[in-house]
Structures are given as C-alpha cells and as structure tokens.
1. Kindly check whether there is at least one residue in the stretch 25-37 that is under 12 Å from the mean Cα position of the chain (by Cα) and in contact (Cβ under 8 Å) with a residue 40 or more places away in the chain.
2. Look at Y43 and say whether it is exposed (fewer than 13 other Cβ atoms within 10 Å of the Cβ) and either of a type in the set (F, W, Y) or modelled with pLDDT of 95 or more (or both).
3. Please work out if V68 is surrounded by 15 or more Cβ atoms within 10 Å (Cβ to Cβ), of a type in the set (V, I, T) and at pLDDT below 95.
4. If you go through the stretch 4-24, how many residues are of a type in the set (G, A, S) and modelled with pLDDT of 80 or more?
5. Tell me which residues, restricted to the stretch 23-40, are surrounded by 11 or more Cβ atoms within 10 Å (Cβ to Cβ) and under 17 Å from R84 (Cα atoms).
6. Within the stretch 46-68, count every residue that is hydroxyl-bearing (S, T, Y) and assigned to a loop (DSSP other than H, G, I, E, B).
Amino acid sequence: MRYSARLSNSFDNTWELYIVSDRLSVDWPELTFNRVGPVPTPYERNAAVATLGYEIVDGTQWQWQELVNGPMDRVELLAAVDVRPIGGAA
C-alpha cells in the first residue's frame, strides 16, 4: 500500500499534517500545528510524520502545490511526500 503525508493550510489557515493511508477512509492520522504561520519547517514536518508512526521514504522530497480558489480568494498550499510506516509494518 502507498502512503502519503500531506501538509495543508486549507481549512482555517492553520497548518495541519495528515497521512493518507486509504482513499476510502475519512479517519486519517493527523496532527495540527496550531498556527497560521510560519510554514512548518522540514524538521517540524519530519517530527510530525514520526509522531504519527511513519517515516519519509528515502530519496523523496516534499512537493508543493499552490491552489487558488479564485482571483480574490486566498492561496491555499498543499505539500506531499511519500511515507511508510516506521519499521515497515503495514
């Protein structure tokens, strides 16, 4: 199974990280950074991934997307990276 860690500021501008572990689930592991800014650092993101029981797959990097809801709306950011359960357990 493929897992993806996602970092987003899309709901209330608060940064949150969640693990997409099953496309059918709505109960993904998640962690909120409880702040609007600044963007969580790579160290903070990696620590959050580990707190949720996952690790970043070797050789992968965070990929960023900018999502615009319209010409007057704020920009939402989404970052993603491939992860696996710590220790390789599924």
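The values are calculated or read from the model by the stated rules, or taken from the named source; none is laboratory data. Since the structure is predicted, the reported quantities are computational estimates derived from the model, not experimental observations. Don't worry about glycine lacking a Cβ; one is built from the backbone with ideal geometry, like all the others, and counts go over all protein chains shown.
1. no
2. Judged against the criteria, Y43 is a match.
3. Taking the combined requirement at face value, the residue does not satisfy it.
4. 3
5. Answer for the stretch 23-40, where residues must be surrounded by 11 or more Cβ atoms within 10 Å (Cβ to Cβ) and under 17 Å from R84 (Cα atoms): W28, P29, E30, L31.
6. To start, the set of residues in the stretch 46-68 that are hydroxyl-bearing (S, T, Y) comprises 51, 54, 60.
Keeping just the survivors that are assigned to a loop (DSSP other than H, G, I, E, B) gives 60.
Result for the stretch 46-68: 1.
Residues are listed down the side, and each one gets a yes or a no for (1) closer than 10 Å to A5 by Cβ; (2) modelled with pLDDT of 90 or more:
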| position | (1), (2) |
| --- | --- |
| V26 | no, no |
| R35 | no, yes |
| V49 | yes, yes |
| W64 | no, yes |
| M72 | no, no |
| E76 | no, no |
| A79 | yes, yes |
| A89 | no, no |
